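The values are calculated or read from the model by the stated rules, or taken from the named source; none is laboratory data. Keep in mind that what you see is a predicted model, and the values were worked out from it rather than measured. Note that each Cβ is placed from the backbone with ideal geometry, even for glycine, and that neighbours are counted across all protein chains shown. To get the accessible areas, we keep the full protein, side chains included, count just its heavy atoms, and leave off ligands, DNA and RNA. Shrake-Rupley method; radii C 1.70, N 1.55, O 1.52, S 1.80 Å.
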Amino acid sequence: MFSLPCRNIRRKLPPKQYLTFVRCYEIPKHLVKVATDPDPSFYRMVEYFYHSAVKVCEPALVEYLKKHTHFSDKKRTNRVAGILKVMGSCNSSLQFEFPLQRKSGEYEIIHGYRSQHSVHRLPCKGGIRFSDEVDLGEVKALAALMTYKCACSNIPFGGAKGGVAIDPKKYTVAELQRITRRYTLELAKKNYIGAGIDVPAPDVNTSGREMSWIVDTYIKTLGYKDLNAAACVTGKPIHGGGIRGRVEATGRGVFMTISTFIHEPKYMQMINLEPGFKGKTAIIQGFGNVGSYAAMYLEQHGVKIIGVLEYDCNLANSDGIKAKELHNYKMNNKGSAKGFTGAREVGPEIIFEKCDILIVAAKEKTITVDVAKKLNCKIIGEGANGPTLPAADVILREKKILVLPDLLANAGGVTVSYFEFLKNLNHVSFGKLSIKFWRDSNTALLDSVEKSLKEANVEAKVVPTELFQTMMSGASEKHIVNSGLEYSMTNACLNVMRAAKEYNLGLDLRTAAYITAIEKIFVTYDEQGLAI
């Protein structure tokens, strides 16, 4: 959708000229120290990565505006600066409090947040998390990351994020439902939810259950006249308007990103690793929804899972941990991996064991400078948001470790959320209208072939192969979702590779991904103009 104009931005200047062009852009002074800060705020980290990418691509943006021949050099420079300021700032944030009466009869004040970082595309999109670590800064950081993530993957949403500052393990299901419904009402009153405004989704400690409560509350209040009210959230259960493939989408996207790069000889040569999955090993930090599915897909393609780090225990097995068995064990053991017999319990130092692939899918800021110095892997897939500190990022590149950044690697979730959003707007499942037509057509085709053979005195029973049998009825909803996700993730990876090559960034895929997003958002603002 954006690729042609964005490619034109880079084509205005040959790659060598980028290296010699005098860059006038400087990273804001309050962000300079983030580069070496051992514990920067998450929001400052995202800001720093954004401005670092702007510093690289700003000359190309100025050059791109030469298509406006009536602009003077000063006006062109001012326009670029203005768009970049808008792009890097948070549009609006909502912070509110409401009371909750606990089962014990005591009252508690609940703190809720929602931030809309960018409205260059509407609706805004971003999850809702329940965590006692949630605050306004974290929500703003995640909203900014969503803006760049959607743009990087060609998803036409602005970025948003929300959260409630609670530990859900300390609340009953009834209390969680009242909190979720009240949170929804607060968003609705402030016009922070709706199919054309802001579309939340599950995140940390939320799932289809909470999304069902949200959509039910919205439909029965502000959205009762809205035909598209069910599209006010994504990540819903199938029977509540959800879509097949959404649960595993983020983990599947992480796997697809790793797969794209591990089969690229150029990048494997840069990190001295043999292309392909054959004989590879992996360690998973965080075996939740993202990490578990990423591990399962890796295992299906021959990768041996030799270590898993969880919040309550760490597991190791040099012969390989069965990801599916561990996933099922956790589901039947209240979410805990403790006691799993398919591996032995070890200390957290398992993350430093030699492996080919490390997936970090726990929480932000887990790869610090000290951790980065000890890592012994070749590829890092960021399944979590913001797991790597800027200072650690530099060390990883120096060690020739290929980091697949969060805004690229974990975009599978928002991609399939977009498919669910479209399904809700269309009010029909993908493939539902054509599935019988294709089954009848293909059956008629086989019958025709068999009849023709008989007329030629050839006795043969024409039956479909096992593969063709699965495709006889055309594409099911899950087929369409998985193929659409693979196309979107592969295309995003190729765009990032192209940016890395044309800006001569080497292993710095994070900057390349941010540049890809910045160029697309820049084109949108340039074409639509800035609000007065």
Original post:
Using the alpha-carbon centroid of each, what span in Å lies between region 434-498 and region 34-56?
Top reply: 48
Original post:
If only Cα atoms are counted, what is the Rg of region 248-413, and what is its Dmax, in Å?
Top reply: 14.4, 44
Subject >> Accessible area of R344 in the full protein assembly, 1.4 Å probe (Å², nearest 10) >> reply: 140
Original post:
So how exposed is C313, as accessible area in Å² (1.4 Å probe, rounded to 10)?
Top reply: 10
**OP:** May I ask for the distance between the Cα centers of region 304-321 and region 225-247, given as a whole number of Å?
**Re:** 35
Subject >> Sum of -39500 (n - 2.57) over DSSP H runs of 4+, divided by residues of the chain (222 nm, nearest 500) >> reply: -15000 deg cm²/dmol
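Tell me the per residue accessible area of region 294-363 using a 1.4 Å probe; a whole number in Å² is fine.
Values: 3530 Å² over 70 residues.
The answer is 50 Å² per residue.
For region 381-532, what is the accessible area per residue in Å², given a 1.4 Å probe and the full set of protein chains?
Values: 6940 Å² over 152 residues.
Accessible surface, normalised per residue, equals 46 Å².
Can you name the helices of the chain, as whole DSSP H runs, whose Cα span along the helix axis is 27 Å or more and whose Kyte-Doolittle mean is not below 0.0? Write out the running numbers ahead of the final one.
Numbers: long enough: 42-64 (32 Å, 0.20); 435-455 (30 Å, -0.62); 477-502 (37 Å, -0.32); 509-528 (29 Å, 0.13).
Correct list, ordered by number: 42-64, 509-528.
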Original post:
Taking only protein heavy atoms and a 1.4 Å probe, what accessible area per residue, in Å², does region 37-100 have with all protein chains in place?
Top reply: 45
Subject >> Leading residue at positive end of dipole, region 141-221 (Cβ point charges), from I193, P156, L145 >> reply: I193
Original post:
Based on the inverse mean of 1/r over its pairs of different Cα atoms, what is the Kirkwood hydrodynamic radius of the chain, in Å?
Top reply: 24.7
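Can you give the local net charge around S336? Use residues other than it whose beta-carbon is closer than 11 angstrom to its beta-carbon, Lys and Arg +1, Asp and Glu -1.
Numbers: positive: K330, K334, K338; negative: E310, D312.
Around S336, the charge tally is +1.
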Original post:
Using a basic spin-label model with each label point 7 Å from the Cα along Cα→Cβ, how many nm lie between R498 and Q469?
Top reply: 4.2
Original post:
What is the spin-label model distance, in nm, from K334 to S452 if the labels are put 7 Å beyond Cα along the C-beta direction?
Top reply: 6.5
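Can you tell me the relative contact order of region 317-443? Whole percent, Cα pairs under 8 Å, sequence separation 6 or more. List each step's numbers first, then the result.
Working: 129 pairs, mean separation 21.4, N = 127.
Rounded, it is 17 percent for region 317-443.
Could you sort W213, W438 by accessible area so the largest value comes first, with the probe set to 1.4 Å? Walk me through the numbers before you get to the answer.
On the way: W213 30, W438 120 Å².
In descending accessible area the options line up as W438, W213.
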Subject >> Accessible area of the chain belonging to carbon and sulfur atoms, whole % at 1.4 Å probe >> reply: 54
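Before anything else, pin down the relative contact order of the chain: Cα pairs under 8 Å, at least 6 apart, normalised by residue count, whole percent.
On the way: 980 pairs, mean separation 83.9, N = 532.
That works out to 16 percent.
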Subject >> Inter-label distance, nm, simple model (7 Å from Cα along the C-beta direction), Y107/F71 >> reply: 5.6
